[in-house]
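So the structure is just underneath, and the comments pick up after that.
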Amino acid sequence: MLTRKIKLWDINAHITCRLCNGYLIDATTVTECLHTFCRSCLVKYLEENNTCPTCRIVIHQSHPLQYIGHDRTMQDIVYKLVPGLQEAEIRKQREFYHKLGMEVPGDIKAEMCAAKLHVEAVRNGESKPEENTTKDTTEEKQEEDHDYHRSDEQVSICLECNSSKLRGLKRKWIRCSAQATVLHLKKFIAKKLNLSSFNELDILCNEEILGKDHTLKFVVVTRWRFKKSPLLLHYRPKMDLL
């Protein structure tokens, strides 16, 4: 079977951020036009603009941050194509937290552990990057040894109802992974309240409706950065006026 080798620089234009010209880190895609950037670059850009940096299409007149979403598939592709990029990024994040005197979040610790195990296995000749069978076995072993839900960075949340049309939750205090999204919270609330559809709900932070694809970590960083835990969120029926 004939194979064609493609050099990395031939596809750089597809895996780099137009704003910083570096490889995509925490890849985030604009839902309106599907252009992708580093999350930090895009969030900073949208603080002063409401258009896509590439095609200049208007994302949203007043709340463009609600129309961007984490692109896990693209980030996985970038990490697989660029040797050492993931390990370098994990190391930078670790150094950042240590410099601030903060504990390294659980999700970074888990990634560091997985990356270290893989690198050591390759160096010792126990596996090769292209051997899918060995890689699958290693991943299964890691899944057995780690509870990824508990090792994720955690977020404490208080869910309050601010509408007379819905009842409050019996247990409004929850703690979950920072990688969970607003959509997960909608489904959780809908299940607890026996609603016919989670699409009937809006979730707000600081009286601003949150996009369904926003991760809780993104919400904390952009809307609760200088406030104490827990993260206070409100829910209400869609189109219900405050």
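Right, residue 204: part of a loop (DSSP other than H, G, I, E, B) and at pLDDT 90 or above or not? Before you say what the answer is, go through the steps one by one.
Working: part of a loop (DSSP other than H, G, I, E, B): no; at pLDDT 90 or above: yes.
So residue 204 fails the test.
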In region 170-185, how many residues are more than 20 Å from residue 211 (Cβ to Cβ) and in a helix (DSSP H, G or I)?
0
Answer with yes or no whether residue 217 is outside any loop (DSSP other than H, G, I, E, B), within 19 Å of the chain's Cα centre (by Cα) and either at pLDDT 90 or above or of a type in the set (Phe, Trp, Tyr) (or both).
no
Complete set of residues in region 177-207 that are touching a helix residue (DSSP H, G or I) at 6+ places or on another chain (Cβ under 9 Å) and open to solvent by 50 Å² or more (accessible area, probe 1.4 Å)
179, 184, 187, 188, 191, 196, 198, 199, 200, 206
Among residues of region 209-228 being more than 22 Å from residue 26 (Cβ to Cβ) and not aliphatic (A, V, I, L, M), the residue surrounded by the fewest Cβ atoms within 10 Å (Cβ to Cβ) is 228
Out of the residues in region 68-103 meeting the condition of being part of a loop (DSSP other than H, G, I, E, B) and either of a type outside the set (A, V, I, L, M) or modelled with pLDDT under 90 (or both), tell me which one is nearest to residue 45 (Cα to Cα).
71
If residue 156 satisfies every condition in (1) at pLDDT below 90; (2) open to solvent by less than 80 Å² (accessible area, probe 1.4 Å) but one, which is the exception?
(1)
Among (1) in contact with a strand residue (DSSP E or B) (Cβ under 9 Å, 6 or more places away or on another chain); (2) open to solvent by less than 70 Å² (accessible area, probe 1.4 Å); (3) not aromatic (Phe, Trp, Tyr), where does residue 72 come up short?
(2)
Scan region 163-176 residue by residue and report those that are surrounded by 14 or more Cβ atoms within 10 Å (Cβ to Cβ) and touching a residue at least 60 places away in the same chain (Cβ under 8 Å).
163, 166
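Table: residues versus (1) open to solvent by less than 40 Å² (accessible area, probe 1.4 Å); (2) farther than 17 Å from residue 64 by Cβ; (3) not in a loop (DSSP other than H, G, I, E, B).
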residue	(1), (2), (3)
3	no, yes, no
9	no, yes, yes
14	no, yes, yes
20	no, yes, no
29	yes, no, yes
37	yes, no, yes
40	no, no, yes
44	no, no, yes
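Could you tell me whether region 76-99 includes any residue that is closer than 17 Å to residue 214 by Cα and either open to solvent by 90 Å² or more (accessible area, probe 1.4 Å) or aliphatic (A, V, I, L, M) (or both)? I'd like the intermediate steps shown before the answer.
Restricting attention to region 76-99, the residues satisfying the condition of being closer than 17 Å to residue 214 by Cα are none.
Checking region 76-99: not a single residue is closer than 17 Å to residue 214 by Cα and either open to solvent by 90 Å² or more (accessible area, probe 1.4 Å) or aliphatic (A, V, I, L, M) (or both).
Conditions (1) β-branched (Val, Ile, Thr); (2) in contact (Cβ under 8 Å) with a residue 12 or more places away in the chain; (3) assigned to a helix (DSSP H, G or I), marked per residue:
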site	(1), (2), (3)
187	no, no, yes
194	no, no, no
211	no, yes, no
235	no, yes, no
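The values are calculated or read from the model by the stated rules, or taken from the named source; none is laboratory data. Being a predicted model, the structure only gives us computed values, none of them experimental. Note that each Cβ is placed from the backbone with ideal geometry, even for glycine, and that neighbours are counted across all protein chains shown. Ligands, DNA and RNA are excluded from the accessible area calculation, which covers all protein heavy atoms including side chains. Shrake-Rupley method; radii C 1.70, N 1.55, O 1.52, S 1.80 Å.
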